[in-house]
Amino acid sequence: MSFLEVNDLHVEFPTSDGLVKAVDGVTFAIERGETLAIVGESGSGKTVTNLALMGLLSKRAARISGSAVIKRGDEDVELIDLADEEMRQIRGKNVAMIFQDPMSSLHPYYSIGDQIIEAHQVHNDVDERVSKARAIELLDMVGIPDASERIKAFPHQFSGGMRQRVMIAMALVNSPELLIADEPTTALDVTVQAQILKLLRELQEELKMAIILITHDLGVVAGAADRVNVMYAGKIVESAPVRDLYANPLMPYTHGLLASIPRMDRRAGESGKRLSAIAGQPPSLIALPAGCAFVPRCTFSNRVSGGASRCESSMPALTEHVPGHFARCHLEGASL
Amino acid sequence: MSEEPILEVSNLQKFFPITSNSIFARVKGENKAVNGISFTLRRGETLGLVGESGCGKSTAGRTILKLYEPTSGAIRFNGEEITNYSTRKMKPLRTKMQIIFQDPYSSLNPRHSVGEIIGAAFTIHGLASIGGDGATGSSGRSATKRLVQDLMERVGLNPEHYNRYPHEFSGGQRQRIGIARALALKPEFIVCDEPVSALDVSIQAQVVNLLDDLKDDFGLSYLFIAHDLSVVQHISDRVAVMYLGKIVELAPTEEIYQRPHHPYTKALLSAIPIPDPVLESSREQIVLSGDLPSPANPPTGCVFNTRCWKAQPRCFSEEPVLQVVDKSEVACHYPE
Amino acid sequence: MINYLARRIAISMAILLAVSFAVYLIFAILPFDPAALTCGKNCNNPAIIEANRRRLGYDLPIWQQYFVFLKGLFMGRTFGEGAATIFCPAPSFGYSYQEHACVTNSIIEALPVTLSLAIGALVLWLIIGVGLGILAARFRGRAADTGSTIFVLIGTSLPTFLTGLLLLVFVVVKWRILPYPSGNYTPLFENPLAWLNTMILPWITLAFAYAALYTRFVRNAVIETLSEDFIRTARAKGLSEKVVLRKHTLRAALAPLTTMAGLDFAGLLGGAILTEAVFNLPGLGRLSLGAVIDFDLPIIVATTILAATIVIFMNLLVDILYAFIDPRVRVAA
């Protein structure tokens, strides 16, 4: 069994406009030491999936069903419907998270040292001096110069990239087996993004942890992930090893997404031509169609045997078209 | 594109005072957001202005439109020096110079309908008479409505949505509203200030394509400000790279992406992740160390000397000026 | 920090000086003869008026009057000469003919009453407002929240004098739980029980309206803070909901309350006129009200300057407190 197995996860938010199906039957697994990227646009359900796993969604607002089993030592723990107290034992200890905006994600009133020490203390019954030493060790590891002095500083005294390093140090203080990184570099400049991605790669190598990388940036994914799940309208629409996905996308949405990115590496002459955009808008999560949610924007549906009407009426299953490469599409095989 | 310049900027500076927090505000220093930039924009050309946050690119765009009062330097628009024009003298020129903002959420008044937002330009500048009637009376109003609906159609919005409010539109559609508003007065020059950064990837391509089409149809010249170098590459004829309030390199697009001469340009380009796992793994990346220095206290000599891997003593004492290297202009003593 | 403080205090002093001069000027410009007012409503004796004018210094030019006033603040001031000499020791705010007393003495008598009223009410409304606000936010949309909303509605819509009168009618007149307000004030250290008896109803009256405002403010601030990213981080660390609320949420949510409470408290020290009137308390509010009705110029000047002083120094205190709470104010980036 894998380190974490998510099976048929559903997250629904009842609203006055209707039921929002934010996550609609998501199934995936991640192994130790692996980096799994979850790619999607805003509203695709990539963030909600992970907040649901971590029990960070308000129980009053969200309806969660399905299963997510994580290995904890020798025992298997079902995360969905886990009691609050037990979930807290896992959060920050076995699974840690970092977020998009490192400024607003750190508490402005406490020194970074206090915040990291607190993260260590809550899961370890040790003297505060031990936690402090551990905090300095981690700050050092993530590349904060002069860590034993800087530990007293407050978040606003750091630059964006340094704050994200602090967040990473805080997440890793209890040596988690899984790190969930939710758009960790989106708020950062490209040169700083490169620093942070390099750091995450090195830390993973050293600590052998699994990483779930949530992002909208297919460029970041290409250099960082082992496996990719592409999400659209609450569903995984394609799942493949990273090289397979880029070389041979099987789902029209992935195909369109890759084609719509302006590429810097393309040679002269090509850059002048129009970008091949995906027409239309992502669907509303309240009135999802019975069939494939991408049909209204799909340019391949007429090539499906049975025609576009088949795509509109029946939801394709996530099928293994090539070994290890799954896609949710009625199109036969790799014919994009 | 003609050789005739539409915009000439020479040695433009914009400093913001840094005041201490007391009743008698004391100027403690100056944030040198734009610290002496010069460039020319030709009629029909798109000049990309790129750099990381804090480099002064947005301030430059707004100062050129006189939304900020320039500290020193000169701005010539259509040969007319507008540097010291009053608000009143600027008003007739405002129809010719427009801006499209980054955030399509905060830049549209939520209490005005789309028709009112786009049509306001006609009313403010008393131009509803374009339709043949005065700005008042029902015939004037219907003329305005027709003009607005034509524009909406042109930017890819449904003209029947004339009476809808901004919150009823998605991010991409809102950006189209912003574009229609900018186009309403038939401008010659538009500052596009990060027009696609807030949009999802699949929507970005739509808006970039639209901007590209409109440029030809309306005979526009763009100053295209962005941090995303891939988008800039796609749409620009020439690109200027800014760092800490200065232009460090200015070159034709092909040239700058194929043969970057300034070390910063080189590092910036190499930091951009390419959506291709095979290329990514083999590519050599220059990861810059450290952070951007404070624009209130820029380094003496070359502004990039604190992070440059090839800095020599001369770089710390003598400020490099833009000089011609091949087809580029580079501000570096030791260009690549 | 010390540098900053020194500058702030210097600025505060300058503002006070300006305020006091402005107050002086305004009353000097008004079409009243302060000397004529000193000998009663039906006084028609020019000799007495002129004598009083000289005794009180109203014969001097305005800037000289102001200078004498300032000097009196620091060195005390003597009015008249010979047998009829009256000396008001420093800090002297002048002499009131209506009260036949040094203004400073009148203020010293009234100040403890207002202080007792304001401090007691502040403590009461902070406890109720913060407590209810947190409860309402914590149990948002449930019974506690609805209850607090009703409380807020009543508290903000009932005028203070009505609350006060209702309390008087029921607690004092009908149920006879407390004695009727005598118009006298018993200091805390003389007879704590009598003090409490006098103050309890005014506290409740005053605190009721403020508690409602604070409940609403705290509820919204806590709810807003709970949706902050750093709260999500705190939960992701595995902290218990109790720690998340107490340590991470409240400190951030309640910081702006310092400013609000400081200024509201300062406002009350200037005199809670309605409450003091309803409960017949001889505080600063009643003193000012009487002074305005009788046009007792020295007292009006003194209470105005006192109120300005309190507001200015409360502001300073709030800023210092804020620097202790929020490191972004204390430590430069």
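Could you compute the net charge surrounding B:SER58? Neighbours are other residues with a C-beta less than 9 Å from the C-beta of B:SER58; K and R count +1, D and E count -1. Display every interim value, and only then the final one.
Values: positive: B:LYS57, B:ARG62; negative: B:ASP193, B:GLU194.
Result for the neighbourhood of B:SER58: 0.
If you take every DSSP beta bridge whose two residues both sit in the protein assembly as shown, what share of them, in percent to the nearest 5, is antiparallel?
Details: 68 of 105 bridges.
Counting only bridges with both partners in the protein assembly as shown, antiparallel ones make up about 65 percent.
Among C:LEU162, C:THR186, C:VAL292, which residue has its Cα positioned farthest towards the positive end of the charge dipole of segment C:108-327, with +1 placed on the Cβ of Lys and Arg, -1 on the Cβ of Asp and Glu, and the dipole taken about the Cα centre?
C:LEU162
To the nearest hundred square angstrom, how large is the accessible surface buried between B and C, total for both chains, probe 1.4 angstrom? Present the calculation step by step, with values, prior to reporting the outcome.
Values: alone 16160 and 18260 Å², together 34010 Å².
Accessible area lost upon association: around 400 Å².
Convert each backbone phi in segment A:195-200 into a coupling constant with the Karplus relation 6.51 cos²θ - 1.76 cosθ + 1.60 (shift: θ = phi - 60°), then list the ³J(HN,Hα) values in order as whole Hz, x for Gly and Pro.
For segment A:195-200, the Karplus-derived couplings read 4, 5, 5, 4, 4, 4 Hz, x marking Gly and Pro.
At 1.4 Å probe size, with the rest of the protein present, what percent of the exposed accessible area of chain C is carbon and sulfur atoms?
Numbers: 11490 of 16800 Å².
With neighbouring chains kept in place, the figure for chain C is 68 percent.
In cubic angstrom, how much convex hull volume per residue do the alpha carbon atoms of segment A:108-174 span?
Working: hull volume 4.8 nm³, N = 67.
Looking at segment A:108-174, the number lands at 71 Å³ per residue.
Whose amide H sits under 5 Å from the amide H of C:GLY76, counting only residues 5 or more places off or on another chain, with H placed in the peptide plane?
Distant-sequence amide H within range of C:GLY76: C:ALA90, C:SER92.
Kindly provide the helix-only [θ] at 222 nm of chain C, computed as the sum of -39,500 (n - 2.57) over DSSP H runs of four or more divided by all residues, to the nearest 500 deg cm²/dmol? Don't skip to the end; give the middle numbers.
Working: 14 runs with 229 residues, N = 333.
Mean residue ellipticity at 222 nm (helix-derived): -23000 deg cm²/dmol.
Restricting to DSSP H runs of at least four residues, report the calculated mean residue ellipticity at 222 nm for chain A, -39500 (n - 2.57) per run over all residues, nearest 500 deg cm²/dmol.
On the way: 11 runs with 102 residues, N = 336.
The helix-only estimate for chain A comes to -8500 deg cm²/dmol at 222 nm.
Name the residues of segment C:291-333 whose accessible area falls by at least 50 Å² when all protein chains are present instead of the chain alone, probe 1.4 Å?
Buried-area filter returns C:PRO327, C:ARG328.
Just the accessible area per residue of chain C, please: how many Å² with a 1.4 Å probe? Intermediate values should be presented prior to the final figure.
Details: 16800 Å² over 333 residues.
Accessible surface, normalised per residue, equals 50 Å².
So what J values fall out for segment C:49-63 if you push phi through Karplus, 6.51 cos²θ - 1.76 cosθ + 1.60 with θ = phi - 60°, rounded to Hz, Gly and Pro as x?
4, 5, 4, 5, 4, 6, 4, 8, x, 6, 7, 6, x, 4, 5
I need the phi-derived Karplus couplings for segment B:171-177: 6.51 cos²θ - 1.76 cosθ + 1.60, θ = phi - 60°, integer Hz, Gly and Pro marked x.
Listing the rounded values in order: x, x, 5, 4, 5, 5, 4 Hz.
Using a 10 Å cut-off around each Cβ of peptide B:290-297, what is the average number of partner chain Cβ atoms that fall inside?
Values: counts 7, 9, 6, 0, 1, 0, 0, 0.
Rounded to a whole number, the mean comes out at 3.
So if we plug the beta-carbon distance of C:LEU178 and C:ARG142 into 1/(1 + (r/R0)^6) with R0 = 41 Å, what FRET efficiency do we get, rounded to 0.05?
Working: r = 36 Å, r/R0 = 0.87.
That gives a FRET efficiency of 0.70.
Can you give the local net charge around C:PRO112? Use residues other than it whose beta-carbon is closer than 14 angstrom to its beta-carbon, Lys and Arg +1, Asp and Glu -1. Write down the numbers at each step before the final one.
Values: positive: C:ARG286; negative: C:GLU109, C:GLU190, C:GLU276.
Net of charged neighbours comes to -2.
When only Cα pairs under 8 Å and 6 or more residues apart are kept, what is the percent relative contact order across chain C? Write out the running numbers ahead of the final one.
Numbers: 392 pairs, mean separation 69.7, N = 333.
The normalised contact order for chain C reaches 21 percent.
Take the cross-link list A:LYS198/C:LYS247; A:LYS59/A:LYS132; B:LYS145/B:LYS215; B:LYS28/B:LYS57; A:LYS46/A:LYS93 and give me the ones stretching past 30 Å between alpha-carbons.
A:LYS198/C:LYS247; A:LYS59/A:LYS132
Skipping prolines and chain starts, which residues have an amide H placed within reach, meaning under 5 Å, of the one on A:ILE80, given they are 5 or more residues away or on another chain?
A:ALA68
Taking H placed 1.01 Å from N in the peptide plane, check which residues at least 5 places from B:LYS246 or on another chain put their amide H under 5 Å from its amide H.
For B:LYS246, the qualifying residues are B:ASN35.
Taking beta carbons within 10 Å but only from partner chains, what does the mean come to for residues A:97-109? Spell out each step's value before the answer.
Details: counts 5, 2, 5, 1, 2, 2, 2, 5, 8, 3, 11, 8, 10.
The shielding value for this peptide is 5.
Using 0.36 nm times the number of residues separating B:VAL287 and B:LYS89, minus their current alpha carbon distance, what extension gain do you get? Each step should come with its number before you reach the end.
Values: separation 198, 0.36 × 198 = 71.28 nm, distance 4.76 nm.
Using 0.36 nm per residue and subtracting the Cα-Cα distance, I get 66.5 nm.
Using Cα pairs under 8 angstrom and six or more residues apart, how large is the relative contact order of segment A:108-174, in percent?
Details: 74 pairs, mean separation 31.1, N = 67.
Relative contact order, segment A:108-174: 46 percent.
GNM, chain B, Cα, under 10 Å: largest mean-square fluctuation among B:LYS28, B:LYS57, B:LYS66?
Comparing B:LYS28, B:LYS57, B:LYS66 in a Gaussian network model of chain B, the most mobile one is B:LYS28.
What is the mean number of Cβ atoms from other protein chains located within 10 Å of the Cβ atom of each residue in peptide B:61-71, rounded to a whole number?
On the way: counts 0, 0, 0, 0, 0, 0, 0, 0, 0, 0, 0.
Mean shielding by partner chains, rounded to a whole number: 0.
Name the residue from B:SER107, C:HIS248, C:VAL278 whose Cα lies farthest towards the positive end of the charge dipole of the protein assembly as shown, charges +1 on Cβ of Lys and Arg and -1 on Cβ of Asp and Glu.
So the residue furthest toward the plus end is C:VAL278.
Where Rh denotes the Kirkwood radius from the mean inverse Cα pair distance, what is Rg over Rh for segment C:94-167?
Details: Rg = 19.4 Å, Rh = 15.5 Å.
That ratio is 1.25, to two decimals.
Applying a 10 Å radius around every beta-carbon, put A:283-294, C:178-189, C:270-281 in order of their mean neighbour count, most first. Display every interim value, and only then the final one.
Numbers: A:283-294: 17.8, C:178-189: 13.3, C:270-281: 21.6.
Sorting A:283-294, C:178-189, C:270-281 by mean packing, highest first, produces C:270-281, A:283-294, C:178-189.
Reported to two decimal places, what Rg/Rh ratio describes segment A:1-126 when computed on Cα atoms with Rh from the Kirkwood expression? Before the final figure, lay out the partial values.
Details: Rg = 16.0 Å, Rh = 16.3 Å.
With Rg and the Kirkwood Rh in hand, the quotient comes to 0.98.
Just going by the charge dipole of chain B, with Lys and Arg at +1 and Asp and Glu at -1 on Cβ, which of B:ALA184, B:GLY301, B:ALA226 is farthest out on the positive end?
Result: B:ALA184.
With a/c under 1.5 counting as rounded, go ahead and sort chain C into rounded, prolate or oblate using the C-alpha gyration tensor (a ≥ b ≥ c being the square roots of the eigenvalues; past the cut-off, prolate if a/b is larger than b/c, else oblate).
Details: a/c = 3.03, a/b = 1.67, b/c = 1.81.
Since a/c reaches 1.5 but b/c is at least a/b, the shape of chain C is classed as oblate.
Go through segment A:179-200 and flag every residue whose accessible area shrinks by 10 Å² or more with all protein chains in place compared to the isolated chain (probe 1.4 Å).
By number: A:ASP189, A:VAL190, A:THR191, A:VAL192, A:GLN193, A:ALA194, A:GLN195, A:LYS198.
Rank by packing, highest mean first: peptides A:225-237, C:43-55, B:7-19, with packing defined as the count of other Cβ atoms within 10 Å averaged across residues.
Numbers: A:225-237: 24.5, C:43-55: 14.5, B:7-19: 17.2.
Put in order of decreasing packing, that is A:225-237, B:7-19, C:43-55.
When ranked by the protection proxy of mean other Cβ atoms within 10 Å per residue, highest first, what sequence do the peptides A:2-8, C:211-217 form? List each step's numbers first, then the result.
On the way: A:2-8: 17.9, C:211-217: 22.4.
Result, highest mean Cβ count within 10 Å first: C:211-217, A:2-8.
Dividing the alpha-carbon Rg of chain A by 2.2 N^0.38 Å yields what?
Numbers: Rg = 21.1 Å, N = 336, 2.2 N^0.38 = 20.1 Å.
Normalised Rg, Cα atoms only: 1.05.
Find the sum over both chains of the accessible area lost when C and A are paired, probe 1.4 Å, and report it in Å² to the nearest 100.
On the way: alone 18260 and 16310 Å², together 32020 Å².
Between C and A, the summed buried area is about 2500 Å².
Run the helix sum for chain B: -39,500 (n - 2.57) per DSSP H stretch of 4+ residues, divided by residue count, reported at 222 nm to the nearest 500 deg cm²/dmol. Write out the running numbers ahead of the final one.
Details: 11 runs with 109 residues, N = 336.
My calculation for chain B gives -9500 deg cm²/dmol from helical runs alone.
What number comes out for the charge environment of B:THR95, summing +1 per Lys or Arg and -1 per Asp or Glu over other residues with Cβ under 13 Å away? Display every interim value, and only then the final one.
Values: positive: B:LYS91, B:ARG94, B:LYS96, B:ARG181, B:LYS186; negative: B:GLU188.
Here the count lands on +4.
May I ask you to derive the relative contact order of chain B, considering only C-alpha pairs under 8 Å and at least 6 residues apart, and to give it as an integer percent? If you can, show how the numbers build up before the last one.
Numbers: 629 pairs, mean separation 66.3, N = 336.
Over chain B, the number comes to 20 percent.
The values are calculated or read from the model by the stated rules, or taken from the named source; none is laboratory data. Keep in mind that what you see is a predicted model, and the values were worked out from it rather than measured. Here Cβ is always computed from backbone atoms with ideal geometry, including for glycine, and neighbour counts include all displayed protein chains. Heads up: the accessible areas ignore ligands, DNA and RNA and are worked out on the full protein's heavy atoms, side chains in. Shrake-Rupley method; radii C 1.70, N 1.55, O 1.52, S 1.80 Å.
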